[in-house]
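Just below is one structure, and these are the notes that go with it.
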Amino acid sequence: MRIAIASDHAAYELKAVLADWLREKGHEVEDLGTNGPDSVDYPDYGYKLGAAIAEGRAERGVALCGSGIGISISVNRNPAARCALVSEPLSAKLAREHNDANVVAMGARLTGVDMAKACLDAFLATDFAGDRHTRRVDKLSHPPILETSR
């Protein structure tokens, strides 16, 4: 599988470990940075990851920052990306099965290496269930126009 991976400075070490581990498992990994402890802005790397998904360079993505929250928000700014913040394997499995998530986000300050690997295993091994979930997932890319009250 083609997987893009991106992080900010708080998660670059976890990113390096996971990228190597994914390659060892036979995946093609595109590392979008960052690669050191110097402070960077997580949205820049989330946007790069969303673009890699939208352009078809990657089938799945892994987004990492200190908490996983900021980078997941930035990835989700791209309508082609469905990024789910997960903290354990069940949420990673359900993100794929029910939400057809194509990117998983985790927080390096909150998730250890072994748990991150378990989450990725569940995420990559799970197919989208389709059926009743398809209607809901379609609405994520095509939201209704909502009237605003004044």
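Only the coordinates and a few stated rules stand behind these numbers; no lab work does. Note that the structure is predicted; figures quoted are calculated from it, not measured. Positions of Cβ are backbone-derived with ideal geometry, glycine not excepted, and every protein chain shown enters the neighbour counts.
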Problem set entry | Distant-in-sequence amide H partners of VAL29 (H built 1.01 Å from N, under 5 Å) | ILE3
For this session: Have a look at VAL62, VAL104, VAL29 and tell me which one the Gaussian network model of the chain (Cα, springs below 10 Å) gives the largest fluctuation.
Result: VAL29
Problem set entry | For the chain, calculated [θ]222 nm from helices alone, where every DSSP H run of n ≥ 4 adds -39500 (n - 2.57) | -13500 deg cm²/dmol
For this session: Springs between alpha-carbon atoms under 10 Å, Gaussian network over the chain: tell me which of GLY112, GLY50, GLY61 tops the mean-square fluctuations.
Result: GLY112
Exercise. Considering only the other residues whose Cβ falls under 12 Å of the Cβ of LEU14, what net charge follows from Lys and Arg at +1 and Asp and Glu at -1?
Worked result: -1
Problem set entry | Helical segments meeting 20 Å axial Cα length and Kyte-Doolittle 1.6 threshold in the chain (DSSP H) | none
Exercise. Going down the list LYS117/LYS139; LYS15/LYS93; LYS25/LYS139, which pairs span over 25 Å between their C-alpha atoms?
Worked result: LYS117/LYS139; LYS25/LYS139
Problem set entry | From the coordinates shown, mean projected area of the Cα convex hull in nm² corresponds to which of [x] 9.7; [y] 8.4; [z] 25.9 | [x]
Exercise. Using the Cβ atoms and a cut-off under 14 Å, what net charge is assigned to the surroundings of CYS65, where Lys and Arg are +1 and Asp and Glu are -1?
Worked result: -1
For this session: For the chain, set up a Gaussian network in which alpha carbons nearer than 10 Å are linked by springs, and say which option among ALA105, ALA16, ALA129 fluctuates the most.
Result: ALA129
Exercise. If contacts are Cα pairs under 8 angstrom and at least 6 residues apart, what is the relative contact order of segment 2-141 in percent?
Worked result: 24
Exercise. What is the distance in Å between the Cα centres of segment 52-117 and segment 15-49?
Worked result: 12
